[in-house]
Amino acid sequence: MVGHQFHSRFVMHYAGHKKWTVGCTECPLKAELAGADIRRGRGGQCPCANNPNRRFWTKVNATDNCWLWCGAKQSDGYGSFRVGSGKTALAHKWSWEQVFGPVPQGKELDHVCRNRACVRPDHLEAVTHQENVARGNMPSIVRARGYAV
Ligand SMILES: [Zn+2]
Ligand SMILES: [Zn+2]
């Protein structure tokens, strides 16, 4: 199964519980899919398959740790990305929403890695504004949790 390719995806390794971790040749997003689905060629469409998704990933430098945004940045250090006629989206938010869906109402995304240029979905956590502010004032706690600052 490892190395099996379908659409832009390829099987990387067994993830347990009859699921396999699949990567994408076009972007750094990974997913876990059931072996039976992979054999039938299901789930081959990575979220990056639609425009402007592919364009987004050409501006990302995916290191082993953070996925760094190399496109335009706002003055506060967050990446921004043009999604349509004149509209811009925050790069990290956009990336997170590709994987987890819309950010729940009343929540905002906190960089667990404390790197504002990072767009790696699993380095972001949906928290309330109060939680976000509290965390921002306590970087030592983040360090204690073992994340790079
Ligand atoms: Zn992809
Ligand atoms: Zn990060």
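Worth pointing out:
- Expressed in units of 2.2 N^0.38 Å, where N is the residue count, the Cα radius of gyration of the chain is 1.13.
- Using alpha-carbon coordinates, inclination of helix 91-100 to the longest axis of the chain, degrees: 40 degrees
- For the chain, the 222 nm mean residue ellipticity estimated from helices alone, with every DSSP H stretch of n ≥ 4 adding -39500 (n - 2.57) and the total spread over all residues, rounds to -5500 deg cm²/dmol.
- Relative packing of peptides 116-123, 94-101, 41-48 - highest average C-beta neighbours within 10 Å first: 116-123, 94-101, 41-48
- In terms of surrounding Cβ atoms within a 10 Å radius of their Cβ, V22, V127 rank from fewest to most as V127, V22.
- For the chain, the Cys residues with no second cysteine's beta carbon closer than 4.7 Å are C70, C113.
- Extreme residue, positive dipole direction of segment 1-100, given options S75, G3, G44 (C-beta unit charges): G44
- Cross-link pairs beyond the 19 Å C-alpha cut-off, checked among K30/K93; K59/K93; K19/K93: K19/K93
- Positive contributions from Lys and Arg (+1) and negative ones from Asp and Glu (-1), summed over other residues with Cβ under 11 Å from the Cβ of A72, come out at +3.
Rule-based calculations on the coordinates, nothing more; no lab input. These figures come from a predicted structure and were not determined experimentally. Counting neighbours? That spans all protein chains shown, and the Cβs are built from the backbone with ideal geometry, glycine included.
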